[in-house]
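Worksheet: one structure, shown below.
The values are calculated or read from the model by the stated rules, or taken from the named source; none is laboratory data. These figures come from a predicted structure and were not determined experimentally. Ideal geometry is used to build each Cβ from the backbone, glycine not excepted, and the neighbour counts take in all protein chains shown.
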Amino acid sequence: MKRITMLFAVLMLSVWFMMSANAVTVWYQPTPYQTQTQPGVHVQSGWFNNSFNQTLVWDDVLQIGGWGDYYTSPVKFDLTGLPPTVDGAYLYLYALPSGSSNPSQVAIYRISDAWSPSTIGWSNFPYVDSGYYWPVSTVVNAWRMYTITEWYTAWKSGVHANYGVLMWPYNNDGTQRFDKFASSKSTDDGKRPILRLDFTPTIEMKMPLPGNLSWAVTTEVGGWDSIGDWYDSAHDGINYFSIDFSWRNKDINGAQVYPDPNGTAVNIPIVAAASGRVRIAGGGDTQGNPNGFYVVIDHDYDNNSNTGFSTWYLHLKSSPLVYAGQNVTQGDILGYMGTTGKDSSGNPTSNGVHLHFGVKYGNSGSSTIPELTKVVMDGWLLKSFQSERVNGVYNNRYYRSGNRVY
């Protein structure tokens with residue numbers, strides 16, 4: 001129940017609101033990996049000081065200030081798959097009680113050289129090239145916002161390499177000054193660092209699963225699970241923007257609605273993420289059909305795979321319920337979740353009941369395509385659909401669908 005409550009709070013935070021006629025605000029709050037040195041890690045952070053912890057400590061807090069010593073905290077988000085241009089970019093950190101009645105003035109600097117969690121520390125202090133000083137704040141148990149639009153733009157354009165930011169106590173003068181923030185490893189997932197982005201989306205979708213339920217993600221955009229011990233090449237390259245959704249589901253109270261479909265007659269509907277025209281509806285569970293039974297929807301209705309957006313729904317249980325050339329609206333049932341598909345040697349391409357959902361633009365789902373980085377689905381960036389292991393339990397990250405209810 002605690003997990004659902006906290007995740008629901010994050011989801012509520014993730015709901016976008018209108019900035020202008022078309023602009024939206026999206027909150028990107030990455031899940032932590034098991035370590036910070038694994039491939040594809042979403043965010044690197046921690047703290048170190050000049051006394052008893054001179055190497056990076058990755059625990060549940062970020063710390064700056066000190067009582068005569070100096071605490072500092074680096075934070076770096078993985079920006080792959082995020083929008084190249086935005087109207088605004090902001091770092092949000094959740095301030096925790098620190099025991100200090102005289103908190104520090106926070107300074108945030110742009111780091112200008114490469115670092116890794118295993119090497120950064122007081123004796124290997126990162127270089128910085130610019131910074132901002134923020135007014136002293138005594139607000140705790142609340143979010144603090146820091147504007148980084150200029151830096152984000154420079155990182156994404158390649159003008160500056162993305163090495164993240166360094167938080168430093170600007171006025172550390174040896175008096176009792178201290179600040180603490182929740183880190184990316186916080187067990188309270190609703191308080192982890194957030195990157196807020198304001199931009200105009202290219203297309204608005206809903207999750208391709210029944211609404212009013214939350215669904216688990218098993219493989220993320222980019223091909224990794226969030227602990228970095230599983231990589232699927234079918235979620236990389238031209239298929240970077242693809243997500244595996246598990247059959248695992250919960251309602252708002254944490255109760256499972258659709259039971260385990262393995263070996264049963266349970267049918268979990270797979271539904272259209274947005275309106276469009278069916279371009280492909282077919283496949284099979286025989287040798288040479290790696291997608292299994294599958295559907296492709298063309299969202300600009302021109303039946304041309306080289307233009308506009310398309311969505312892909314793979315490994316369906318049986319033949320699709322729609323046909324090529326049919327117009328569908330958001331939420332129409334395309335088929336049912338399954339585990340079909342065999343490669344050219346006859347080996348299964350799916351290792352369990354799930355939906356492989358992909359989004360492409362101009363017949364490619366590459367991470368470098370700007371239009372795909374600005375797809376908004378139920379208030380989330382595609383990059384935000386991530387997995388997580390909690391207390392040894394895999395597939396513990398659920399996202400709530402706003403699509404049609406079944």
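Within the stretch 377-406, can you find the residues that are surrounded by fewer than 18 Cβ atoms within 10 Å (Cβ to Cβ) and on the phi > 0 side of the Ramachandran plot? Matches in the stretch 377-406: 391, 392.
The rows are residues; the columns are (1) modelled with pLDDT of 95 or more; (2) under 30 Å from the mean Cα position of the chain (by Cα).
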residue: 292; (1), (2): yes, yes
residue: 298; (1), (2): yes, yes
residue: 306; (1), (2): no, yes
residue: 311; (1), (2): yes, yes
residue: 317; (1), (2): yes, yes
residue: 321; (1), (2): yes, no
residue: 325; (1), (2): yes, no
residue: 328; (1), (2): yes, yes
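Of all the criteria given as (1) crowded, with 17+ Cβ neighbours inside 10 Å; (2) hydroxyl-bearing (Ser, Thr, Tyr); (3) out of contact with any His (no Cβ under 7 Å at 6 or more places or on another chain); (4) not in a strand (DSSP E or B), the one not satisfied by residue 25 is (4). Applying the criterion of being small (Gly, Ala, Ser) and touching a helix residue (DSSP H, G or I) at 6+ places or on another chain (Cβ under 8 Å) to the residues of the stretch 84-107, the residue that is surrounded by the most Cβ atoms within 10 Å (Cβ to Cβ) is 89. Look at residue 300 and say whether it is among the charged types (D, E, K, R), touching a Gly at 6+ places or on another chain (Cβ under 8 Å) and in a loop (DSSP other than H, G, I, E, B). Criteria met by residue 300.
A single member of 317, 342, 383 is farther than 18 Å from residue 235 by Cα and of a type in the set (Lys, Arg), and it is 317. Would you please name the residue that is farthest from residue 211 (Cα to Cα), looking only at residues in the stretch 260-275 that are in contact (Cβ under 8 Å) with a residue 24 or more places away in the chain and among the small types (Gly, Ala, Ser)? The qualifying residue farthest from residue 211 (Cα to Cα) is 275. For residue 389, are the conditions met, namely being out of contact with any strand residue (DSSP E or B) (no Cβ under 9 Å at 6 or more places or on another chain) and either modelled with pLDDT under 95 or among the charged types (D, E, K, R) (or both)? Yes. When residues in the stretch 123-172 are screened for being of a type in the set (Val, Ile, Thr) and crowded, with 19+ Cβ neighbours inside 10 Å, 2 of them pass.
Could you tell me whether residue 374 is crowded, with 18+ Cβ neighbours inside 10 Å, touching a Ser or Thr at 6+ places or on another chain (Cβ under 6 Å) and farther than 23 Å from residue 258 by Cα? The answer is yes for residue 374.
Note on the stretch 185-233: residues that are in a strand (DSSP E or B), modelled with pLDDT of 90 or more and surrounded by fewer than 18 Cβ atoms within 10 Å (Cβ to Cβ) amount to 1.
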